[in-house]
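K.L.:
Shown below is the structure under consideration.
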Amino acid sequence: MPEPTTTLSTRVDLALLGIRGRPPVSRTAGAGPSADGHLVIDGLNAAIPQNPDSPFEFDGNRVLFDGVDTGIDVTAVQRPAFYDLVTADGVPYEKLARLHGRDVLATTVVQTCIRYAPDQRCRFCTIEESLRSGATVAVKRPAELAEVAEAAVRLDGVRQMVLTTGTSAGADRGAVHLARCVRAVKAAVPGLPIQVQCEPPGDLAVIGDLRRAGADSIGIHVESLDDDVRRRWMPGKSTVPLADYRAAWREAVRVFGRNQVSTYLLVGLGEDPDELISGASELITMGVYPFVVPFRPQPGSLATETDGVGTPDPAVLEKVTRGVAEQLQMAGMTGTGQKAGCAACGACGLLQNVGG
């Protein structure tokens with residue numbers, strides 16, 4: 001890979017200030033970070049927030065700062081051909097799965113969540129907003145996802161897939177349907193690596209079921225290891241004790257292997273940065289990749305619409321990113337070492353920019 005043209009400080013600014021302009025591939029709401037445009041910067045996936053007030057502008061070929069070319073090595077991810085197809089039932093493929101970065105197919109297999117009531121909802125989440133806008137469907141059927149995955153690989157060179165889900169009322173937390181979807185996709189595209197994402201299931205044996213279904217890696221996302229932060233930002237999800245997460249991570253590492261398990265850690269929720277780095281170190285020791293991602297204000301989220309929370313301090317984001325990347329390097333763990341998933345893509349974070 002050529003030497004990067006972009007310093008980490010500039011990438012932090014882009015991640016927090018976003019860009020004006022509309023790249024060909026973007027999304028407006030859903031599970032996980034959204035309201036972004038997908039670019040490739042210095043050869044790495046980059047999901048950059050779209051912000052009409054940003055001093056940065058993407059003009060289709062370059063990133064400008066107040067009208068001046070920054071010299072950043074950037075290309076746009078082009079609209080994939082599979083977006084133009086529909087199923088036999090007339091459902092657009094684009095409503096079933098989306099391209100993330102240049103080569104990742106991602107979908108939320110169940111677009112509803114038992115924790116989406118106002119007093120339970122994660123304040124950064126907009127999982128049901130894309131459903132309300134008509135941009136997606138509530139439940140993706142396994143055969144449909146297999147059809148889309150086959151087309152995305154054949155037409156657009158997709159190299160990995162992410163299957164996440166809203167949390168269900170069952171003890172499996174939605175993992176049973178995830179397993180059905182994995183089996184169908186693997187039958188259609190046997191060589192496509194897949195990451196599944198869910199809350200810690202009530203029965204840890206479900207983690208083995210997901211592996212046997214064909215999943216290659218797993219994300220069990222906690223967002224914060226600080227219980228006060230969890231109660232404030234995730235009132236429903238915080239009722240799942242951290243002990244349950246640790247048990248699930250240990251079992252997942254046993255089943256999937258070291259560095260094939262990941263979790264999100266959000267910067268900007270009020271957690272002490274040194275404690276965040278320390279918590280990430282604990283995860284790395286367990287064999288879990290801590291995918292550090294900045295909180296980003298999203299239209300439709302409670303944090304944005306009700307709380308008015310802004311982006312984190314750039315210095316804090318850079319400190320945490322560098323600190324966690326150093327820990328990952330010492331442990332010999334990298335996002336690109338994951339077979340599939342958010343950390344393997346890396347677009348929503350900055351760890352891959354500094355070797356993490």
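The values are calculated or read from the model by the stated rules, or taken from the named source; none is laboratory data. All figures in this text were calculated on a predicted structure; none of them were measured in a lab. Cβ coordinates were reconstructed from backbone atoms using ideal geometry, including for glycine residues, and neighbour counts include every protein chain displayed. Just so you know, the surface numbers come from the protein's heavy atoms only, side chains and all, with ligands and any DNA or RNA stripped out. Shrake-Rupley method; radii C 1.70, N 1.55, O 1.52, S 1.80 Å.
K.L.:
Count charges around Y116 for me, please; just the other residues with Cβ under 12 Å from its Cβ, Lys/Arg as +1, Asp/Glu as -1.
P.N.:
With Lys, Arg at +1 and Asp, Glu at -1, the net is +2.
K.L.:
Go through H100, H38 and list them by solvent-accessible area, largest first, probe radius 1.4 Å.
P.N.:
Greatest to least solvent exposure: H100, H38.
K.L.:
Checking the a/c ratio against 1.5 first, then a/b against b/c, what shape does the Cα gyration tensor give for the stretch 126-188?
P.N.:
oblate
K.L.:
Here's something else I'd like to know. Report the rotationally averaged projected area of the stretch 172-232 based on its alpha-carbon convex hull, in square nanometres.
P.N.:
The number I arrive at for the stretch 172-232 is 4.6 nm².
K.L.:
Net charge within 13 Å of P52 by Cβ-Cβ distance, Lys/Arg positive one each and Asp/Glu negative one each, not counting P52 itself?
P.N.:
0
K.L.:
While we're looking at this one, here's another question. Give the shape of the stretch 249-356 as rounded, prolate or oblate, defined through the alpha-carbon gyration tensor: a ≥ b ≥ c are the square roots of its eigenvalues, a/c under 1.5 means rounded, and otherwise the shape is prolate if a/b is larger than b/c and oblate if not.
P.N.:
Cα axes put the stretch 249-356 in the prolate bin.
K.L.:
Given the whole protein assembly as supplied and a 1.4 Å probe, what does the accessible area of T239 come to in Å², nearest 10?
P.N.:
Probe radius 1.4 Å; accessible area of T239 about 90 Å².
K.L.:
Just to verify a number: what accessible area does S9 come out at with the full protein assembly present, 1.4 Å probe, Å² rounded to tens?
P.N.:
S9 exposes around 50 Å² with every protein chain in place.
K.L.:
Then there is this: If you average the sequence gap of Cα pairs under 8 Å that are 6 or more apart and divide by the length of the stretch 245-289, what percent do you get for the contact order?
P.N.:
The normalised contact order for the stretch 245-289 reaches 55 percent.
K.L.:
State, in angstrom, two size descriptors of the stretch 216-264 derived from its alpha carbons: Rg to one decimal place and Dmax to the nearest whole number.
P.N.:
Just the Cα atoms of the stretch 216-264 yield Rg and Dmax of 11.5, 33 Å.
K.L.:
Under a Cβ-only charge scheme (Lys and Arg +1, Asp and Glu -1), can you give me the dipole magnitude of the chain about the Cα centre, in debye to the nearest 20?
P.N.:
1140
K.L.:
Let me test this: with uniform point scatterers at the alpha carbons of the stretch 68-125, what is the Debye-based log₁₀ I(q)/I(0) at q = 0.15, 0.19 1/Å?
P.N.:
-0.71, -0.85
K.L.:
Ok, one more. From the mean inverse distance of alpha carbon pairs (Kirkwood) and the Cα radius of gyration, derive Rg over Rh for the stretch 29-177.
P.N.:
Rg divided by Rh gives 1.01.
K.L.:
Now for a different question. Let me have the 222 nm mean residue ellipticity of the chain computed from DSSP H runs of 4+ only, each contributing -39500 (n - 2.57), with the sum over all residues rounded to the nearest 500.
P.N.:
Calculated mean residue ellipticity at 222 nm is -9500 deg cm²/dmol.
K.L.:
Additional query: Mean separation of Cα pairs under 8 Å and 6+ residues apart, divided by the residue count of the chain: what relative contact order is that in percent?
P.N.:
16
K.L.:
At 0.36 nm per residue, minus the direct Cα-Cα distance, what do K339 and R250 gain on full extension? Give it in nm, one decimal, please.
P.N.:
Difference between extended and current length: 30.2 nm.
K.L.:
Let me ask something additional. Enumerate cysteines in the chain without a disulfide-compatible partner, where compatibility requires another Cys Cβ under 4.7 angstrom.
P.N.:
C113, C181, C198, C342, C345, C348
K.L.:
So, one more: Heavy atoms of the protein only, probe of 1.4 Å, neighbouring chains included. What is the accessible area of D274 in Å², nearest 10?
P.N.:
So the heavy atoms of D274 present about 90 Å² to solvent.
K.L.:
OK, next. Distance between Cα centroids, the stretch 188-216 to the stretch 111-182: provide it in whole Å.
P.N.:
Spelled out, the Cα-based centre of one part sits 14 Å from the other.
K.L.:
Normalising by the residue count of the stretch 198-343, find the relative contact order in percent from Cα pairs under 8 Å and 6+ residues apart.
P.N.:
Relative contact order of the stretch 198-343: 25 percent.
K.L.:
Identify, among Q160, T87, G335, the residue whose Cα sits farthest towards the positive end of the charge dipole of the chain, taking +1 on the Cβ of Lys and Arg and -1 on the Cβ of Asp and Glu, with the dipole about the Cα centre.
P.N.:
Toward the positive end, the furthest listed residue is T87.
K.L.:
Accessible area per residue, 1.4 Å probe, Å², for the stretch 223-356: what's the number?
P.N.:
Dividing the accessible area of the stretch 223-356 by its residue count gives 36 Å².
K.L.:
For the stretch 94-196, which GluC sites (Glu not before Pro) are both in a DSSP coil and crowded by at most 10 other Cβ atoms within 10 Å?
P.N.:
none
K.L.:
Which is farthest toward the positive dipole end of the stretch 1-133 among F58, T7, V109, measuring Cα position about the Cα centre, with Cβ charges +1 (Lys, Arg) and -1 (Asp, Glu)?
P.N.:
About the Cα centre, the residue reaching furthest to the positive side is V109.
K.L.:
Rounded, prolate or oblate: pick one for the chain, where a ≥ b ≥ c are the square roots of the eigenvalues of its C-alpha gyration tensor, a/c under 1.5 means rounded, and failing that, prolate if a/b is larger than b/c, else oblate.
P.N.:
Judged from the Cα gyration tensor, the chain comes out rounded (a/c under 1.5).
K.L.:
Which residue, T304, P294, G270, has the largest displacement toward the positive end of the dipole of the stretch 190-308 when charges sit on each Cβ (Lys, Arg +1; Asp, Glu -1)?
P.N.:
P294
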